[in-house]
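The values are calculated or read from the model by the stated rules, or taken from the named source; none is laboratory data. Model, not experiment: these values are computed from the prediction. Cβ placement follows ideal geometry from the backbone for every residue including glycine, while neighbour counts extend to all protein chains displayed. Ligands, DNA and RNA are excluded from the accessible area calculation, which covers all protein heavy atoms including side chains. Shrake-Rupley method; radii C 1.70, N 1.55, O 1.52, S 1.80 Å.
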Amino acid sequence: MRWSLHLILPFLTFNFLQLNGQENWEVPEERQGRLSPFEFSDSIQQQGSIHYSVNCASCHGTPGQGNFERLDPLPVDPATAEFQENTDGEIFYKVSEGRGLMPSFKNVLSAQEIWEVVGYLRTYNADYVQEVRPTAELSAYGGTVELLMAHLTDQNKIQVVAKGTRHGETQPIEAAEVALRVKRYFGDLQLDETKFTNPQGIVEFDAPQELPGDESGHLELTAHLVNQEMFGITQVDTTLAVGQAFVPVSLTRDRAMWNVVQKAPIWLLLAYTLSVLIAWGIIFYILFQIKKIFDIGAELESKS
Ligand code: HEC
């Protein structure tokens, strides 16, 4: 029976390698440290548990029970140390982006809802202490907050600056969440993710080069502060030439039968004229023959 082990061993090691060769799920550095903007209170965690049972339990099972779906790679049980080792930012990123059989949820759940799920999953970690992201306090700015938007052509970035008035002085607003949108025919399209202003009150987004704009590449852009409860509806609308120049082509320009004569192909004109002539020719030929029969009849009648 020793030979059988020799036969099986390569397969065993192969499988072993396959399981472990599963590469680490790398999360971009700037995303690892991202924190929830709100505290994971009981009601938030309860909200998260609802999202979890609707969206995640089918694969990940009930946390702590190991009753997850046997997929490849295995969905991790959220109650395990392996799962809980992820930072808040890493869980948020993995749930947003997905990988392989793990679906991307960024178009299914809002950022708020994903954070609620993260909050819920942390109830399975006794050692967890939450760190909340500091947010800009509007009250400090006396209610006057404004946004400015510009195109940095050399780096091809769109820069948004948030400013407020404090102690009678205009000052940059730090840690405010900014979203950038482009007007499309049906609603707005959000570009990139929301970003947080730096100490100079600045965020930069990559210009959406591949998006078609008008004939000169103009796009209508809107930047707004996400936290509307705190900032009210603060936004700035600008038209910038950051998209691709796009000249709309009329659908009926070249190839329509109902179009003006110059645009119809010659063969079509010829074929059409010819078939009309043939049809009328046949009609006249038949009429001519009938007339002939009539004439012959008249001649015979006059003779008798
Ligand atoms: C269709 C099945 C499926 C659903 C639904 C699903 N997951 Fe997953 N999840 C997976 C699989 C499979 C993996 C392993 C992916 C990999 O490592 O490539 C995974 C991995 C993860 C990871 C990464 C774990 C780690 O340590 O790297 C997180 C976090 C996660 N899922 C959270 C969630 C959350 C939260 C939801 C619900 C909002 C969810 N998943 C819904 C299948 C699923």
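Per residue, the stretch 22-124 exposes 54 Å² of accessible surface when a 1.4 Å probe is rolled over the protein heavy atoms with every protein chain present. Here the relative contact order of the stretch 138-240, from alpha carbon pairs under 8 Å that lie six or more residues apart, stands at 28 percent. Full extension of the chain segment joining Asn67 with Ile266 gains 64.5 nm, where the gain is 0.36 nm per residue of separation less the Cα-Cα distance.
Our coupling estimate for the stretch 43-49, obtained by passing each phi through the Karplus curve with A = 6.51, B = -1.76, C = 1.60 and θ = phi - 60°, is 5, 5, 5, 5, 4, x, 5 Hz, Gly and Pro reported as x. The convex hull drawn around the Cα atoms of the stretch 138-240, when projected onto a plane and averaged over every direction, covers 6.9 nm². Residues whose amide H falls under 5 Å from that of Leu191, counting only those 5 or more places apart or on a different chain, are Leu180, Arg181, Val182, with hydrogens built in the peptide plane. Rounded to the nearest 10 square angstrom, Thr80 shows an accessible area of 50 square angstrom against a 1.4 Å probe. Setting aside same-chain residues fewer than 8 positions from Lys163, which lysines have a Cα under 17 Å from its Cα? Here the lysines satisfying the reach criterion relative to Lys163 are Lys195. Modelled this way, with points 7 Å down the Cα-to-C-beta line, the labels at Tyr285 and Asp127 are 10.0 nm from one another. Give me the base-10 log of I(q)/I(0) for the stretch 22-124 at each q in 0.14, 0.18, 0.21 Å⁻¹, Debye formula, one uniform scatterer per Cα, rounded to two decimals. Each listed q maps to, in turn, -0.49, -0.84, -1.20.
The H on the amide N of Phe105, modeled in the peptide plane, is under 5 Å from the matching H of Ser96, Glu97, Gly98, each at least 5 residues off or on a different chain. State the Cα centre-to-centre distance between the stretch 160-238 and the stretch 277-303 in whole Å. That distance is 84 Å.
Judged by the mean number of other Cβ atoms found within 10 Å, the most tightly packed of the peptides 48-58, 64-74, 190-200 leads the ranking 48-58, 190-200, 64-74.
Simple spin-label estimate for Lys106 and Phe294 gives 8.3 nm between the two label positions (7 Å along the Cα-to-Cβ direction from each Cα).
When every Cα-Cα distance of the stretch 80-168 is counted in 5 angstrom steps from zero, the calculated P(r) takes the values 3, 10, 15, 13, 12, 14, 14, 10, 7, 2, 0 percent.
Close amide H contacts of Ala79 (hydrogens built in the peptide plane, cut-off under 5 Å, sequence separation of 5 or more or a different chain): Gly64.
Relative protection proxy for 106-118, 283-295, from highest mean packing down: 106-118, 283-295 (other beta-carbon atoms within 10 angstrom). The mean accessible area for residues of the stretch 138-240, using a 1.4 Å probe and ignoring ligands and nucleic acids, is 55 Å² per residue.
In sequence order, the stretch 285-296 has phi-based couplings of 4, 4, 4, 4, 5, 4, 4, 4, 4, 4, 4, 4 Hz under the Karplus curve 6.51 cos²θ - 1.76 cosθ + 1.60, θ = phi - 60°, and Gly or Pro positions carry x.
Extension gain for the segment Ser58 to Leu274, taken as residue separation times 0.36 nm less the Cα-Cα distance, is 70.8 nm to one decimal.
Sequence-ordered 3J(HN,Hα) estimates for the stretch 268-284 from the Karplus curve with 6.51, -1.76 and 1.60 and θ = phi - 60° stand at 6, 4, 4, 4, 5, 4, 4, 5, 5, 4, 4, 4, 5, x, 5, 4, 5 Hz, glycine and proline given as x. The label point for Val76 and the one for Glu26, both projected 7 Å from the Cα toward the Cβ, are 1.7 nm apart.
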